[in-house]
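Asker: Input: one structure, supplied below.
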Amino acid sequence: MIKVGIAGASGYTGVELVKLISNHPQARLEAVTSSSYKGKPLTDIFPSMRGFESLICEELDAKALSTRVDLMFLALPHKVSMAYAAPLIKEGIKVIDLSADFRFSNPNAYEKSYQKHTDKDLLAESVYGLSEIYRDQIKTARIIGNPGCYPTTILLALLPLIKEKIIHSKGIISDSKSGVSGAGRSLSLTAHYCEANESFTPYKIGNHRHSPEIEEILSIHAEKKVNITFVPHLVPVTRGMVSTIYGQAAKSVHVTDIRKAYDRWYAEEPFVRLLPQGRFPAMSHVRGTNCCDIGCHFDEDTGRIILVSAIDNLLKGAAGQAVQNMNIMFGLADETGLDYVQSPL
Ligand SMILES: NC(=O)c1ccc[n+]([C@@H]2O[C@H](COP(=O)([O-])OP(=O)(O)OC[C@H]3O[C@@H](n4cnc5c(N)ncnc54)[C@H](OP(=O)(O)O)[C@@H]3O)[C@@H](O)[C@H]2O)c1
């Protein structure tokens with residue numbers, strides 16, 4: 001049994017992790033932490049968890065956790081995670097961080113979009129946790145920077161085509177939409193019911209912090225600098241994320257070439273589902289699952305490749321992928337604890 005702790009269990013991704021680990025056949029939930037609800041049962045925060053009153057929130061203390069957990073999920077805001085990761089690693093505890101603090105290989109790129117990085121050694125050691133692409137490195141990692149939700153949709157759709165030089169690395173556009181839980185549980189005006197409900201709003205055009213994360217990974221795989229135009233939108237649903245991606249074909253292609261590339265990369269992957277030709281993903285088809293659904297189209301008149309990629313931002317975009325990474329780190333099949341059948345509604 002893997003002994004697991006979850007920091008930030010009072011947040012949206014933290015509580016998803018609580019749910020997943022509580023149902024995981026090879027993991028046992030040993031600790032949940034929250035600074036605001038220390039000493040209180042998780043049921044005080046999430047009434048839907050009534051019946052599980054034994055989960056009491058505690059303070060995040062690496063020393064106190066060292067004998068109790070093998071792995072800690074940090075479902076904390078960026079900057080907060082950075083301070084906790086090293087003490088946990090020092091105690092021999094593996095770390096999967098859901099914030100942006102350990103996602104970048106270039107600290108300057110992180111610092112340009114976030115703030116000063118205070119643990120560059122650990123950043124250099126960390127592995128980017130896009131499970132399907134970095135599986136070999138994840139197997140032996142002590143620390144994982146779990147990817148952002150938008151980057152997960154965009155990178156899973158684009159990487160096979162970038163790597164195989166099917167899509168031109170210049171001029172890619174991603175028009176992406178997120179449900180409101182993508183902003184976390186803390187209150188903000190944009191997530192206010194009256195602001196978000198019955199509306200559809202583009203935001204952070206030209207300066208969203210996920211752009212440099214997406215561009216860093218695309219550039220590594222293209223072996224040259226790749227810039228993309230990324231336009232996020234807020235949509236009035238609780239959870240879900242769809243990216244519609246446009247790019248020019250780099251060579252003469254047929255849609256079957258695109259489909260074959262996906263097959264080469266993902267045929268054995270349980271959580272990437274390439275939809276049949278002519279079918280496209282929807283938020284409701286991936287909600288509650290750890291799947292990334294991908295649909296593709298080639299427009300012969302314009303030479304444009306159109307990709308649509310959908311995930312549940314709280315699962316494949318956060319907690320689900322984090323558990324998938326834990327499974328890989330501990331030698332389990334990716335699907336362990338994640339292969340439940342989801343309600344279609
Ligand atoms: N939401 C998503 O779809 C999503 C997807 C991918 C990645 N992420 C990333 O995952 C991390 C957690 O996201 P989330 O959506 O679960 O956020 P959230 O709902 O706001 O929860 C974050 C938790 O962190 C704890 N925390 C500890 N120190 C804090 C501090 N100084 N300031 C604020 N909160 C503090 C809070 O609990 P206490 O105050 O009780 O300690 C809070 O419940 C973030 O880094 C986020 O960027 C989120």
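Asker: State yes or no: is Q342 within 16 Å of the ligand (Cβ to nearest atom), touching a residue at least 24 places away in the same chain (Cβ under 8 Å) and not hydrophobic (A, V, I, L, M, F, W, C)?
Answerer: Numbers: within 16 Å of the ligand (Cβ to nearest atom): no; touching a residue at least 24 places away in the same chain (Cβ under 8 Å): yes; not hydrophobic (A, V, I, L, M, F, W, C): yes.
Against the criterion (within 16 Å of the ligand (Cβ to nearest atom), touching a residue at least 24 places away in the same chain (Cβ under 8 Å) and not hydrophobic (A, V, I, L, M, F, W, C)), Q342 does not qualify.
Asker: Limited to region 72-113, what total is found for residues that are in a helix (DSSP H, G or I) and over 21 Å from I2 (Cα atoms)? Show your work before the answer.
Answerer: Initially, region 72-113 is screened for residues in a helix (DSSP H, G or I), giving 80-90, 107-113.
Checking which are over 21 Å from I2 (Cα atoms) leaves us with 80-83, 107-113.
Of the residues in region 72-113, 11 are in a helix (DSSP H, G or I) and over 21 Å from I2 (Cα atoms).
Asker: Scan region 49-71 residue by residue and report those that are surrounded by 13 or more Cβ atoms within 10 Å (Cβ to Cβ) and farther than 24 Å from A83 by Cα.
Answerer: Of everything in region 49-71, those that are surrounded by 13 or more Cβ atoms within 10 Å (Cβ to Cβ) and farther than 24 Å from A83 by Cα turn out to be M49, F52, L55.
Asker: Can you name the condition, by its number, that A100 falls short on among (1) more than 18 Å from the chain's Cα centre (by Cα); (2) of a type in the set (G, A, S); (3) modelled with pLDDT of 95 or more?
Answerer: A100 satisfies all of (1) more than 18 Å from the chain's Cα centre (by Cα); (2) of a type in the set (G, A, S); (3) modelled with pLDDT of 95 or more except (1).
Asker: Additional query: Could you give me the residue pairs with C-beta distances under 7 Å whose first residue belongs to region 172-189 and is of a type in the set (K, R), whose second residue is within 13 Å of the ligand (Cβ to nearest atom) and assigned to a strand (DSSP E or B) wherever it lies, and which are 6+ apart or on separate chains?
Answerer: Taking only residues 6 or more apart or on different chains, the pairs are K177/M241.
Asker: Between a residue in region 198-216 that is among the small types (G, A, S) and any residue that is part of a loop (DSSP other than H, G, I, E, B), which pairs come within a Cβ distance under 7 Å, given they are 6 or more apart or on different chains?
Answerer: Going by the 7 Å Cβ cut-off, the qualifying pairs are S199/P236.
Asker: Here's something else I'd like to know. Take the residues in region 4-18 that are within 21 Å of E335 (Cβ to Cβ) and either in contact (Cβ under 8 Å) with a residue 40 or more places away in the chain or more than 13 Å from the ligand (Cβ to nearest atom) (or both), then tell me which one is surrounded by the fewest Cβ atoms within 10 Å (Cβ to Cβ).
Answerer: Residues of region 4-18 within 21 Å of E335 (Cβ to Cβ): 4, 6, 13, 16-18.
Right, trim to either in contact (Cβ under 8 Å) with a residue 40 or more places away in the chain or more than 13 Å from the ligand (Cβ to nearest atom) (or both) and you get 4, 6, 13, 16-17.
Details: V4: 27, I6: 32, T13: 29, E16: 24, L17: 31.
Across region 4-18, the extreme among qualifying residues is E16.
Asker: Name, by its number, the condition in (1) closer than 29 Å to A310 by Cβ; (2) of a type in the set (D, E, K, R); (3) within 16 Å of the ligand (Cβ to nearest atom); (4) free of Cβ contacts under 8 Å to residues at least 60 places away in the same chain that does not hold for R103.
Answerer: If we test R103 against (1) closer than 29 Å to A310 by Cβ; (2) of a type in the set (D, E, K, R); (3) within 16 Å of the ligand (Cβ to nearest atom); (4) free of Cβ contacts under 8 Å to residues at least 60 places away in the same chain, just (4) comes out false.
Asker: Out of the residues in region 298-324 that are of a type in the set (S, T, N, Q), under 16 Å from C149 (Cβ atoms) and not in a strand (DSSP E or B), state the one that is nearest to the ligand (Cβ to nearest atom).
Answerer: Of region 298-324, the ones of a type in the set (S, T, N, Q) are 302, 309, 313, 321, 324.
When the remaining residues are screened for being under 16 Å from C149 (Cβ atoms), the result is 309, 313, 321, 324.
If we keep only those that are not in a strand (DSSP E or B) too, we end up with 313, 321, 324.
Numbers: N313: 4, Q321: 9, Q324: 14 Å.
Out of the qualifying residues, it is N313.
Asker: Please determine whether any residue of region 331-339 is modelled with pLDDT under 95 and outside any strand (DSSP E or B).
Answerer: At the first step, the residues of region 331-339 found to be modelled with pLDDT under 95 are 339.
Pick out the ones that are also outside any strand (DSSP E or B) and you get 339.
Yes, because at least one residue in region 331-339 is modelled with pLDDT under 95 and outside any strand (DSSP E or B).
Asker: Taking region 275-320, which residues are surrounded by 21 or more Cβ atoms within 10 Å (Cβ to Cβ) and without any contact (Cβ under 8 Å) to a residue 40 or more places away in the chain?
Answerer: P281, C291, D293, G295 - these are the residues of region 275-320 that are surrounded by 21 or more Cβ atoms within 10 Å (Cβ to Cβ) and without any contact (Cβ under 8 Å) to a residue 40 or more places away in the chain.
Residues are listed down the side, and each one gets a yes or a no for (1) more than 11 Å from the ligand (Cβ to nearest atom); (2) free of Cβ contacts under 8 Å to residues at least 60 places away in the same chain; (3) in the same structural domain as V69 (by TED's automatic domain parsing):
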| residue | (1), (2), (3) |
| --- | --- |
| I21 | yes, no, yes |
| H24 | yes, no, yes |
| A27 | yes, no, yes |
| S35 | no, yes, yes |
| L42 | no, yes, yes |
| S48 | yes, yes, yes |
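Asker: Within region 11-56, can you find the residues that are outside any strand (DSSP E or B), at pLDDT 95 or above and touching a Lys or Arg at 6+ places or on another chain (Cβ under 7 Å)?
Answerer: The answer is G11, Y12.
Asker: Same structure, new question: Counting only residues that are more than 15 Å from V231 (Cα to Cα) and surrounded by fewer than 24 Cβ atoms within 10 Å (Cβ to Cβ), how many does region 163-176 have? Give the steps one after another, and end with the answer.
Answerer: From region 163-176, those more than 15 Å from V231 (Cα to Cα) are 163-170; that's our starting set.
Applying the additional criterion that residues be surrounded by fewer than 24 Cβ atoms within 10 Å (Cβ to Cβ) yields 163-166, 168-170.
Number satisfying all stated conditions: 7.
Asker: Which condition breaks for N327 when tested against (1) within 16 Å of the chain's Cα centre (by Cα); (2) surrounded by fewer than 24 Cβ atoms within 10 Å (Cβ to Cβ); (3) not in a helix (DSSP H, G or I)?
Answerer: (3)
Asker: Say we look at region 236-251 and pick out the residues that are aliphatic (A, V, I, L, M) and within 13 Å of the ligand (Cβ to nearest atom); which of these is farthest from the chain's Cα centre (by Cα)? Please lay out each step first, then the result.
Answerer: Step one: of region 236-251, the residues aliphatic (A, V, I, L, M) are 237, 241-242, 245, 249-250.
Going one step further and asking which of them are within 13 Å of the ligand (Cβ to nearest atom), we end up with 237, 241.
Numbers: V237: 18, M241: 11 Å.
Residue satisfying both the conditions and the ranking: V237.
Asker: Would you be able to tell me the number of residues in region 56-90 that are within 25 Å of the chain's Cα centre (by Cα) and away from the ligand (no atom under 13 Å from the Cβ)?
Answerer: Summing the residues that are within 25 Å of the chain's Cα centre (by Cα) and away from the ligand (no atom under 13 Å from the Cβ) in region 56-90 gives 9.
The values are calculated or read from the model by the stated rules, or taken from the named source; none is laboratory data. This structure is a prediction, so every number in the text was calculated from the model and none was measured. For neighbour counting, all protein chains shown are included, and Cβ atoms are generated from backbone atoms with ideal geometry for every residue, glycine included.
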